[in-house]
Amino acid sequence: MNSNAPILSQTAPKSPRGGRDYIARHGETVFNAAGRLQGEHPHTPLTRAGFAQADEMGRVLRQKLGAKPALTLWASPTGRALQTLAVIAEHLELDWHGAHTDSRLVEIGTGDWAGRYYADLAAEGLKVVDRETGLLHPAPGGEHYPAIAARVSGWLADTDADPGDRLVIMHGVSSRVLRGVMTGGADLPGYGAPALPGLPQGSIVLIERGVETLVHRGAGHAPA
């Protein structure tokens with residue numbers, strides 16, 4: 001046995017879905033613009049830039065999929081994800097009210113750091129962002145990466161029978177873990193879970209049978 005071979009995450013699904021999955025990161029929020037950690041905060045509104053990013057996402061998907069595509073809509077139940085989805089759904093001429101939400105799609109729980117400014121935490125000598133990976137360090141009382149992988153894997157298992165294509169609107173860190181799980185990525189050293197490279201707010205990827213393709217790179221900022 002080759003001891004140098006990569007170990008695939010135990011959270012990886014046994015077999016990819018037959019349909020295609022468009023995984024998108026919500027548009028910029030007031031917390032993003034101010035440099036505050038939002039984590040699982042239920043509602044941090046989109047900025048004007050965030051709405052513009054959602055508009056661009058809608059235009060890109062309309063060009064790719066046309067009007068009224070056969071697309072199951074999913075979103076994190078947070079306001080920022082649902083606002084982003086509402087704009088995209090209007091472009092696609094789909095009924096936003098028909099969307100599904102699931103709390104397992106929310107952002108990493110930020111514990112004692114929730115709502116704090118990145119700059120204030122840095123001034124206290126705390127390491128918040130891993131500069132090598134771009135991921136957030138787990139906060140005191142916050143969520144660790146194996147827990148994120150477990151919850152998104154549970155969502156994948158429970159929705160495996162979704163027909164055809166779907167669109168999933170979620171968050172910077174949790175979408176990276178979901179994408180890692182869906183593509184069978186190896187656990188990142190020190191994190192205990194897979195996570196693909198980060199993308200700015202307003203980005204969309206396509207995952208089809210375990211293979212990811214970038215559909216649209218948003219104009220937001222890459223940090224969580």
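The values are calculated or read from the model by the stated rules, or taken from the named source; none is laboratory data. Because the structure is predicted, anything quoted here is derived from the model rather than measured. Cβ sites come from the backbone with ideal geometry, for glycine too, and all protein chains shown count toward neighbours. Just so you know, the surface numbers come from the protein's heavy atoms only, side chains and all, with ligands and any DNA or RNA stripped out. Shrake-Rupley method; radii C 1.70, N 1.55, O 1.52, S 1.80 Å.
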Original post:
Given ALA67, ALA139, which one is of a type in the set (A, V, I, L, M), part of a loop (DSSP other than H, G, I, E, B) and within 21 Å of the chain's Cα centre (by Cα)?
Top reply: ALA139
**OP:** Being in a helix (DSSP H, G or I) and not charged (D, E, K, R) is the filter here, so list the residues in the stretch 70-92 that pass it.
**Re:** GLY79, ALA81, LEU82, GLN83, THR84, LEU85, ALA86, VAL87, ILE88, ALA89, HIS91, LEU92
Original post:
So which residues in the stretch 170-181 are assigned to a helix (DSSP H, G or I) and either touching a helix residue (DSSP H, G or I) at 6+ places or on another chain (Cβ under 7 Å) or basic (Lys, Arg) (or both)?
Top reply: SER174, ARG176, VAL177, LEU178, ARG179, VAL181
Subject >> Per-region count, the stretch 30-64, residues at pLDDT 95 or above, closer than 16 Å to MET170 by Cβ and outside any helix (DSSP H, G or I) >> reply: 1
**OP:** Consider ALA54 carefully, then state whether it is in contact with a strand residue (DSSP E or B) (Cβ under 6 Å, 6 or more places away or on another chain), within 20 Å of GLN201 (Cβ to Cβ) and open to solvent by less than 60 Å² (accessible area, probe 1.4 Å).
**Re:** no
Subject >> Criterion (at positive phi and either in contact (Cβ under 8 Å) with a residue 24 or more places away in the chain or open to solvent by less than 70 Å² (accessible area, probe 1.4 Å) (or both)) met by exactly one of GLY125, GLY109 >> reply: GLY125
Original post:
Looking only at residues in the stretch 185-199 that are open to solvent by less than 20 Å² (accessible area, probe 1.4 Å) and touching a Pro at 6+ places or on another chain (Cβ under 9 Å), which one is nearest to PRO77 (Cα to Cα)?
Top reply: ALA193
Original post:
Restricted to the stretch 59-86, and to residues that are within 30 Å of VAL128 (Cβ to Cβ) and β-branched (Val, Ile, Thr), which residue is surrounded by the fewest Cβ atoms within 10 Å (Cβ to Cβ)?
Top reply: THR78
Original post:
So, of the residues in the stretch 87-98 that are within 24 Å of VAL152 (Cα to Cα) and in contact with a helix residue (DSSP H, G or I) (Cβ under 7 Å, 6 or more places away or on another chain), which turns out to be surrounded by the most Cβ atoms within 10 Å (Cβ to Cβ)?
Top reply: ILE88
